[in-house]
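Visitor: Please read through the structure below; I'll follow up with questions.
Just so it is clear, none of the values below were taken in a lab; they were calculated from the coordinates. Quantities reported herein were computed from a predicted structural model and do not represent experimental measurements. Here the Cβ is made from the backbone with ideal geometry for all residues, glycine too, and neighbour counts use every protein chain on show.
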Amino acid sequence: MIPKPYLLFIGDAQDELAIKTASGIYEWRSEWCKAQYTYDDAKFHLDLPIYNFEEAIAQEIKTMVIGVVNAGGVLSEKWKITIIEAIESGLNIASGMHTRLRDIPEIKTAADKNNVNLFDLRFNEQTFSTGKGTKRSGKRLLTVGTDCSVGKKYTALAIEKAMLASGLDAEFKATGQTGILIAECGIAIDAVVSDFISGAVEWLTPDNDINHWDIIEGQGSLFHPSFAGVSLGLLHGSQADAIILCHEPTRKNMRGVKTLLPTIKDCIDENIRLGKLTNPNIQCVGIALNTSNMQDSEEVLKEEISRLYKVPCFDPLKDDLSDVVAKIKSI
């Protein structure tokens with residue numbers, strides 16, 4: 001377990017999605033988060049006090065979590081200097097970036113000298129087999145998306161919470177750095193060699209009680225030219241009984257590329273078609289909308305989508321989820 005409480009490193013975040021790791025931890029585990037550390041040019045912050053390292057130590061904060069993402073997960077020289085300063089102040093460091101903290105000599109040396117721990121969340125020592133597609137006991141729900149960063153993690157967490165509240169046996173299964181920080185377990189699936197992605201998901205969601213549901217955090221989109229590979233591996237490895245499609249209605253293009261966003265219908269149909277390889281009975285049980293950027297008409301849109309696709313349509317952070325839980329129970 002990573003020592004708590006946390007100082008969330010925001011750095012020089014220039015947009016809201018850049019701080020999705022910090023936002024996710026704060027949204028779902030606010031009791032672990034005591035303050036944030038930002039640069040003067042940061043354009044987005046959390047509703048937390050801003051501390052320097054001296055203040056953080058005085059408030060008995062134990063770990064600085066890198067809560068901001070950047071292109072490729074590359075550690076800039078500015079960030080490196082800040083991390084070393086945090087270490088020299090006595091803080092542990094947790095990171096989900098593609099760059100290993102311990103592979104940077106200056107950071108590893110500083111950590112050893114100051115007797116603090118480095119947590120590289122994207123990496124583990126577990127080895128995986130290739131996926132086999134053999135039928136497993138238990139039930140599994142996977143969140144899928146029309147794009148990356150549309151709410152797959154938040155939807156999975158909200159569904160888990162609602163299912164547990166209704167008396168169902170459910171467990172969130174993290175597949176990304178933020179999810180791992182929230183669940184304190186899981187696999188950063190984009191760090192797994194491509195041949196073993198489906199096998200890693202089979203390992204993460206093994207045989208279980210026939211009434212148990214694993215709620216699997218999805219990644220990317222089958223239609224995204226950058227991330228379709230990991231999305232397909234998750235779909236096949238999860239052997240999903242159910243999918244919930246996640247969508248951000250105000251987007252036109254997929255994030256980070258010029259590719260147009262697919263339609264909801266195309267995305268549902270393709271996930272069902274490809275998912276049948278490992279579960280012929282896969283079905284879509286709901287459509288989750290991220291309405292945070294909508295100004296109005298969201299209720300009309302949800303009603304229209306629900307009527308068109310004949311499944312509940314909802315915002316997982318705003319709406320009652322009893323209809324989609326009832327749909328899941330019926331499987």
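Visitor: Using C-alpha positions alone, give me the convex hull volume of the stretch 289-329 per residue in cubic angstrom. Write down the numbers at each step before the final one.
Guide: Working: hull volume 2.6 nm³, N = 41.
It is 64 Å³ per residue.
Visitor: Projecting each Cα onto the charge dipole of the stretch 204-280 (Lys/Arg +1, Asp/Glu -1 at the beta carbon, about the Cα centre), which of His236, Gln219, Pro206 comes out farthest on the positive side?
Guide: Looking along the dipole axis, the top candidate is Gln219.
Visitor: Follow-up question, since we're still on this one. Which whole-number value in Å³ per residue fits the convex hull of the alpha carbons of the stretch 6-120? Intermediate values should be presented prior to the final figure.
Guide: Numbers: hull volume 10.7 nm³, N = 115.
In the stretch 6-120, the Cα convex hull volume per residue is 93 Å³.
Visitor: Report the relative contact order of the stretch 139-329, percent, no decimals, based on alpha-carbon pairs under 8 angstrom and at least 6 residues apart. Spell out each step's value before the answer.
Guide: Values: 374 pairs, mean separation 51.3, N = 191.
In percent, rounded to a whole number, it is 27.
Visitor: Between Asn124 and Ser194, with labels modelled 7 Å along Cα→Cβ, what's the label distance in nm to one decimal, could you check?
Guide: The answer from the label model is 2.3 nm.
Visitor: Counting Lys and Arg as +1 and Asp and Glu as -1, what is the net charge of the other residues whose Cβ lies under 13 Å from the Cβ of Ala110? List each step's numbers first, then the result.
Guide: On the way: positive: Lys80, Arg102, Lys108, Lys113; negative: Glu85, Glu88, Glu106, Asp112.
For residues surrounding Ala110, the net value is 0.
Visitor: In debye to the nearest 20, how big a dipole does the stretch 9-58 give about its Cα centre with +1 on each Lys and Arg Cβ and -1 on each Asp and Glu Cβ?
Guide: On the way: 4 positive and 10 negative charges, 41 e Å.
For the stretch 9-58, the charge dipole is close to 200 debye.
Visitor: Further question: Zone of Thr134 (label point 7 Å along Cα→Cβ, backbone N under 11 Å): which residues in the stretch 187-223?
Guide: Counting backbone N atoms under 11 Å from the label point, the list is 207.
Visitor: In whole angstrom, how far apart do the alpha carbon centroids of the stretch 280-323 and the stretch 108-153 sit?
Guide: Between the Cα centre of the stretch 280-323 and that of the stretch 108-153, the gap is 28 Å.
Visitor: I've got another one for you. If contacts are Cα pairs under 8 angstrom and at least 6 residues apart, what is the relative contact order of the chain in percent?
Guide: Relative contact order here is 15 percent.
Visitor: What lysines could a cross-link reach from Lys132, if we take a straight Cα to Cα line under 28 Å and drop same-chain neighbours fewer than 8 places away?
Guide: The reachable lysines, counting only those whose Cα sits under 28 Å from Lys132, are Lys152, Lys153, Lys173, Lys276, Lys329.
Visitor: State the Kirkwood hydrodynamic radius of the stretch 194-265 in Å, one decimal place, computed from all pairs of distinct Cα atoms.
Guide: On the way: mean 1/r = 0.0731 Å⁻¹.
Over the stretch 194-265, the inverse of the mean reciprocal pair distance is 13.7 Å.
Visitor: If I build a Gaussian network model for the chain, linking alpha-carbon pairs within less than 10 angstrom, which residue out of Val68, Val116, Val201 has the largest mean-square fluctuation?
Guide: For the chain, modelled as a Gaussian network with Cα springs under 10 Å, the answer is Val116.
Visitor: In terms of modelled amide H atoms, which long-range or inter-chain residues lie less than 5 Å from the amide H of Arg255?
Guide: Amide H neighbours of Arg255: Cys148.
Visitor: Return the whole-Å distance between the Cα centroid of the stretch 215-266 and the Cα centroid of the stretch 11-52.
Guide: So the two Cα centres are separated by 26 Å.
Visitor: Round to the nearest 0.05 the FRET efficiency obtained for Leu17 and Lys80 when R0 = 25 Å and r is the Cβ-Cβ distance. Intermediate values should be presented prior to the final figure.
Guide: Working: r = 23 Å, r/R0 = 0.92.
For Leu17 and Lys80, the calculated efficiency is 0.65.
Visitor: With an 8 Å Cα cut-off and a minimum separation of 6 or more residues, compute the relative contact order for the stretch 101-171 in percent.
Guide: On the way: 23 pairs, mean separation 10.6, N = 71.
The value is 15 percent.
Visitor: Taking every pair of alpha-carbon atoms in the stretch 84-208, what share in percent sits in each 5 Å bin, from 0 to the bin with the longest distance?
Guide: Final binned percentages: 2, 10, 15, 18, 18, 14, 10, 8, 5, 2, 0.
Visitor: Take the Cβ-Cβ distance between Asn208 and Lys108 as r, set R0 to 51 Å, and report the resulting FRET efficiency rounded to the nearest 0.05.
Guide: Values: r = 39 Å, r/R0 = 0.76.
Rounded to the nearest 0.05, the efficiency is 0.85.
Visitor: For the stretch 237-331, just say rounded, prolate or oblate: build the C-alpha gyration tensor, square-root its eigenvalues into a ≥ b ≥ c, call rounded for a/c under 1.5, and beyond that prolate if a/b exceeds b/c, oblate if not. Let's see the in-between values first.
Guide: Values: a/c = 2.14, a/b = 1.19, b/c = 1.80.
Oblate, because a/c is 1.5 or more while a/b does not exceed b/c.
Visitor: A further question follows. Between Asn117 and Ala326, what is the label-point separation in nm under the 7 Å Cα-to-beta-carbon projection?
Guide: Result: 4.5 nm between the two label points.
Visitor: Please work out the C-alpha center-to-center distance from the stretch 168-202 to the stretch 73-103 and express it in whole Å.
Guide: 23 Å
Visitor: Any idea how many Lys pairs in the stretch 9-108 come in under 24 angstrom at the alpha carbon, given 8 or more places apart or on separate chains?
Guide: Eligible lysine pairs with Cα atoms under 24 Å apart amount to 16.
Visitor: With unit charges on the beta carbon (Lys/Arg positive, Asp/Glu negative), name the residue among Val324, Tyr6, Trp79 whose Cα is farthest towards the positive pole of the charge dipole of the chain.
Guide: Towards the positive end, the residue furthest out is Val324.
Visitor: Is the chain rounded, prolate or oblate when judged by the Cα gyration tensor, a ≥ b ≥ c being the square roots of its eigenvalues, rounded requiring a/c under 1.5 and prolate requiring a/b larger than b/c?
Guide: Values: a/c = 1.86, a/b = 1.54, b/c = 1.21.
Prolate is the answer for the chain, as a/c is 1.5 or above and a/b outweighs b/c.
Visitor: Separate question: How would the stretch 36-95 be classified by its alpha-carbon gyration tensor: rounded, prolate or oblate, with rounded meaning a/c under 1.5 and the a/b versus b/c comparison settling the rest? Intermediate values should be presented prior to the final figure.
Guide: Working: a/c = 1.83, a/b = 1.25, b/c = 1.47.
Since a/c reaches 1.5 but b/c is at least a/b, the shape of the stretch 36-95 is classed as oblate.
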